[in-house]
1. Tell me which of these Leu84 doesn't satisfy, since it passes every other one: (1) open to solvent by less than 40 Å² (accessible area, probe 1.4 Å); (2) of a type outside the set (Lys, Arg); (3) farther than 29 Å from His62 by Cβ.
2. Among the candidates Ile43, Ile135, which residue alone is touching a residue at least 60 places away in the same chain (Cβ under 8 Å), open to solvent by 50 Å² or more (accessible area, probe 1.4 Å), of a type in the set (Val, Ile, Thr) and under 24 Å from Leu13 (Cα atoms)?
3. Among the residues of the stretch 185-195, are any under 22 Å from the mean Cα position of the chain (by Cα) and not aromatic (Phe, Trp, Tyr)?
4. Show the residue pairs that are 6+ apart or on different chains and have beta-carbon atoms under 6 Å apart, the first residue being within the stretch 46-62 and free of Cβ contacts under 8 Å to residues at least 12 places away in the same chain, the second being aromatic (Phe, Trp, Tyr) and open to solvent by less than 60 Å² (accessible area, probe 1.4 Å).
5. Give the residues of the stretch 148-203 that are β-branched (Val, Ile, Thr), more than 20 Å from Thr132 (Cβ to Cβ), open to solvent by less than 30 Å² (accessible area, probe 1.4 Å) and in contact with a helix residue (DSSP H, G or I) (Cβ under 8 Å, 6 or more places away or on another chain), sorted by residue number.
6. Being over 18 Å from Leu130 (Cα atoms), assigned to a strand (DSSP E or B) and in contact with a Lys or Arg (Cβ under 7 Å, 6 or more places away or on another chain): is that true of Phe217 here?
7. State yes or no: is Phe108 under 25 Å from Trp75 (Cβ atoms), open to solvent by 60 Å² or more (accessible area, probe 1.4 Å), part of a helix (DSSP H, G or I) and free of Cβ contacts under 8 Å to residues at least 40 places away in the same chain?
Amino acid sequence: MDTATHIVMGFGLAGLATLDPAVAQNPLTYHAVMIGVVAGSVIPDIDTVLKLKDNATYIRNHRGMTHSLPATMLWPFILTAIILAIVPGANLSHLLLWTLSAVSIHVFVDIFNAYGTQAVRPFTSKWVALGTINIFDPFIFSMHLLGFAIWQTIGHPGITFVLIYSVISVYYVLRGVYHRSTINYIKRRIPGLTKVYLSPTMRWSHYHLAAESDAHFYVGKINGRKLHLIDQFDRKPIDFDNQLIQSAAQDKNVRAFLSFSPIYHWEISERGGRNIIQFTDLRYYSKGTYPFTATVWLDKNLSVQSSYTGWVFSEQKLRKKLVLARVNS
């Protein structure tokens, strides 16, 4: 989920924590728990700072180690130690328990969007992405705002957020059921599909579609129960025996892209004396383009002149980024 949603979830957990007698009856513990659940709700995304280094490092690591099983267990102990140093006298075990809940819920809800996490690491580095909830869901966010309004006026915070989270849990289930039925509908419309990737939007029945069969890639949109195909590509496995591909695959930006993208189209072209190898993630079609890409410029000696991976919404901007990367290399 986005940062704003994680934050409101943290405050929602603070309301829920008032059902715990050890928290409700001790103001010191309550304030410590509130700090713990809000901090725990955002701490796994601390790896966002990696974007300051470069996109390749960010893509390879965001929602990776910081969302892993060891990190999920470690963050609550770190936060609890820090909070107890600031708020001595708070109940240790209950502070730790509620902070653990906040961190675990952060990682859990991130699984439901199309980006996903490496939540099962170190057992596997596979990205777990169910693709049933948009990274920002207006219903989930609005339900928290409604809960805060009731909390501040007529309702007990604990009971209020039991009801709020019960409704949100049902919403998650219904989104999952609708997601599955939509995949079944797509497979009936396009026989022979082996994989279907649906990226939810902020609208209930609207999705971005990327799918593959043994012979083709498909890109489209789902509007209600209407499938609109936008592109179809011949599916060609990446040719690692090709010397151009071998050279491009050594570049950090390409390695980051390939480690993250499960469905992509690639092509080789020549322009201005350069060999250009471009990989485009098919899941994020938007406004006539595929903005998530990895592109490499190779000279005639197959040396990398410049490369870039990330989000670019026009060819002109991509060229500027590649020129800038070449100048700074």
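1. So the condition that Leu84 fails would be (1).
2. Ile135
3. Checked the stretch 185-195: at least one residue is under 22 Å from the mean Cα position of the chain (by Cα) and not aromatic (Phe, Trp, Tyr).
4. From residues that are free of Cβ contacts under 8 Å to residues at least 12 places away in the same chain, the pairs are Lys51/Tyr58.
5. Thr160
6. Numbers: over 18 Å from Leu130 (Cα atoms): yes; assigned to a strand (DSSP E or B): yes; in contact with a Lys or Arg (Cβ under 7 Å, 6 or more places away or on another chain): yes.
Yes, satisfied.
7. yes
Residue-by-condition table, conditions (1) assigned to a helix (DSSP H, G or I); (2) open to solvent by 40 Å² or more (accessible area, probe 1.4 Å); (3) out of contact with any Phe, Trp or Tyr (no Cβ under 6 Å at 6 or more places or on another chain); (4) not charged (D, E, K, R):
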residue	(1), (2), (3), (4)
Val8	yes, no, yes, yes
Gly15	yes, no, no, yes
Met34	yes, yes, yes, yes
Ala39	yes, no, yes, yes
Asp47	yes, no, yes, no
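The values are calculated or read from the model by the stated rules, or taken from the named source; none is laboratory data. Remember, predicted model here, so these are calculated numbers, not experimental data. A quick note on method: Cβ atoms are made from the backbone with ideal geometry, for glycine too, and the neighbour counts reach across all protein chains shown. Side chains included, ligands, DNA and RNA excluded: accessible areas come from the protein's heavy atoms. Shrake-Rupley method; radii C 1.70, N 1.55, O 1.52, S 1.80 Å.
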